[in-house]
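*Asks:* Once you've had a glance at the structure underneath, I'll fire off some questions.
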Amino acid sequence: MGDSRTPSIKANADGPYAVSGVSSLTNSQGMHLPVQDRTWLCRCGQSAKKPFCDGTHKKVGFSSARVAEAGSDRLVSYRGAKITIDDNRGICAHAGVCTGNLPSVWRMGEEPWIDPDAAEVQAIVEVIERCPSGALSYTIEGRAQEGSVGEATILVSKNGPYCVSGPVELADVDWAEGASRKRFTLCRCGASQNKPFCDGSHWDAGFVDDSN
């Protein structure tokens, strides 16, 4: 039976994530992982029981401080004829959903790198709502849009962050500019400069978690 409490995640200072009320925790292989009334998830990247915390953060002196350079948390808007695409690179997990599905809109190596007129609005919306980090959002006719909110879930992605979706409260956190409250990615490699949010640093850090 699922937990009836409001789903929430608390990013403990220099420690793990305390997860409550989220009954769906799966890994990249589709396996359902055990959850308790309160589940402690590793965020230092070095637990021997990933994704669960085993106290290693204390031994390695893990710091949860946000050390991103000033200005890295910035929402940039790309205005088109029918849709405006908003993007915050500071919380992008580099999952490749946008560039992999609509390369005509999200154009690697070009400036501006987003062309909101290069595809049909519905196709753009579908890609944005699949962005796991919430770095992408959109505005139509001057009104910010929110997609549907499903069940509260946490996915332990392959060698990457925790992908959180649904009505999950992230407690005691300064939200990134324009970040979605219904889908976001949390660092679990310990290397993000923009903790607790993933900023793609797991790629440069070479983070690997074979069991998940």
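*Asks:* Identify, please: which residue in the range 64-77 is small (Gly, Ala, Ser) and closer than 20 Å to Tyr162 by Cα and is, among those, surrounded by the most Cβ atoms within 10 Å (Cβ to Cβ)?
*Replies:* Looking only at the range 64-77, we keep the residues that are small (Gly, Ala, Ser), and these are 64-65, 68, 70-72, 77.
Those still in the list that are closer than 20 Å to Tyr162 by Cα too: 64-65, 68.
Numbers: Ser64: 18, Ala65: 9, Ala68: 16.
So the residue we want is Ser64.
*Asks:* Just for strands (runs of 3 or more DSSP E) wholly inside the range 117-167: which have at least 3 residues that are closer than 25 Å to Pro16 by Cα?
*Replies:* Counting at least 3 such residues, we get 153-156, 162-165.
*Asks:* On to the next question. Among the residues in the range 138-152, are any modelled with pLDDT of 95 or more, touching a helix residue (DSSP H, G or I) at 6+ places or on another chain (Cβ under 9 Å) and farther than 16 Å from Gly90 by Cα?
*Replies:* No, every residue in the range 138-152 fails to be modelled with pLDDT of 95 or more, touching a helix residue (DSSP H, G or I) at 6+ places or on another chain (Cβ under 9 Å) and farther than 16 Å from Gly90 by Cα.
*Asks:* A follow-up question, please. In the range 22-51, what count of residues is obtained for those that are without any contact (Cβ under 8 Å) to a residue 40 or more places away in the chain, hydrophobic (A, V, I, L, M, F, W, C) and closer than 12 Å to Ile154 by Cβ? Walk me through it before giving the result.
*Replies:* Taking the range 22-51 and keeping what is without any contact (Cβ under 8 Å) to a residue 40 or more places away in the chain, we get 30-32, 34-40, 47-49.
When the remaining residues are screened for being hydrophobic (A, V, I, L, M, F, W, C), the result is 31, 35, 40, 48.
Checking which are closer than 12 Å to Ile154 by Cβ leaves us with 35.
Total meeting the criteria: 1.
*Asks:* Please go through the range 78-112 and pick out each residue that is surrounded by fewer than 18 Cβ atoms within 10 Å (Cβ to Cβ), aliphatic (A, V, I, L, M) and under 15 Å from Thr139 (Cβ atoms).
*Replies:* Ala81
*Asks:* May I pose another question? How many residues does the range 168-197 contain that are closer than 17 Å to Asp209 by Cβ and outside any loop (DSSP other than H, G, I, E, B)?
*Replies:* So the answer is 2.
*Asks:* Check off (1) in contact (Cβ under 8 Å) with a residue 24 or more places away in the chain; (2) surrounded by 13 or more Cβ atoms within 10 Å (Cβ to Cβ); (3) out of contact with any Gly (no Cβ under 8 Å at 6 or more places or on another chain) for Thr56 and give me the number that stays unchecked.
*Replies:* Here Thr56 meets the rest and fails (1).
*Asks:* For the range 22-46, give me each residue that is crowded, with 20+ Cβ neighbours inside 10 Å and farther than 19 Å from Arg66 by Cβ. Outline the logic, then answer.
*Replies:* Taking the range 22-46 and keeping what is crowded, with 20+ Cβ neighbours inside 10 Å, we get 22, 25, 39, 41-45.
Answer for the range 22-46, where residues must be crowded, with 20+ Cβ neighbours inside 10 Å and farther than 19 Å from Arg66 by Cβ: Val22, Leu25, Thr39.
*Asks:* On to the next question. Within the range 98-152, can you find the residues that are charged (D, E, K, R) and closer than 29 Å to Ile9 by Cβ? Quick ask: steps written out before the conclusion?
*Replies:* Going residue by residue through the range 98-152, those that are charged (D, E, K, R) are 107, 110-111, 115, 117, 120, 126, 129-130, 141, 143, 146, 151.
The answer is Glu126, Glu129, Arg130, Arg143, Glu146, Glu151.
*Asks:* Now for a separate question. Of the residues that make up the range 150-165, is at least one among the β-branched types (Val, Ile, Thr), surrounded by fewer than 23 Cβ atoms within 10 Å (Cβ to Cβ) and free of Cβ contacts under 8 Å to residues at least 60 places away in the same chain?
*Replies:* No, the conditions are met nowhere in the range 150-165.
*Asks:* Another question, if that's okay. Would you check if there is a residue in the range 66-75 being at pLDDT 95 or above, under 16 Å from the mean Cα position of the chain (by Cα) and more than 23 Å from Glu129 (Cα to Cα)? Give the derivation first.
*Replies:* Taking the range 66-75 as the starting set, the residues that turn out to be at pLDDT 95 or above are none.
No.
The values are calculated or read from the model by the stated rules, or taken from the named source; none is laboratory data. As the structure is a prediction and not an experimental result, all values here were calculated from the model. Every residue, glycine as well, gets a Cβ built from its backbone with ideal geometry; the counts of neighbours run over all protein chains shown.
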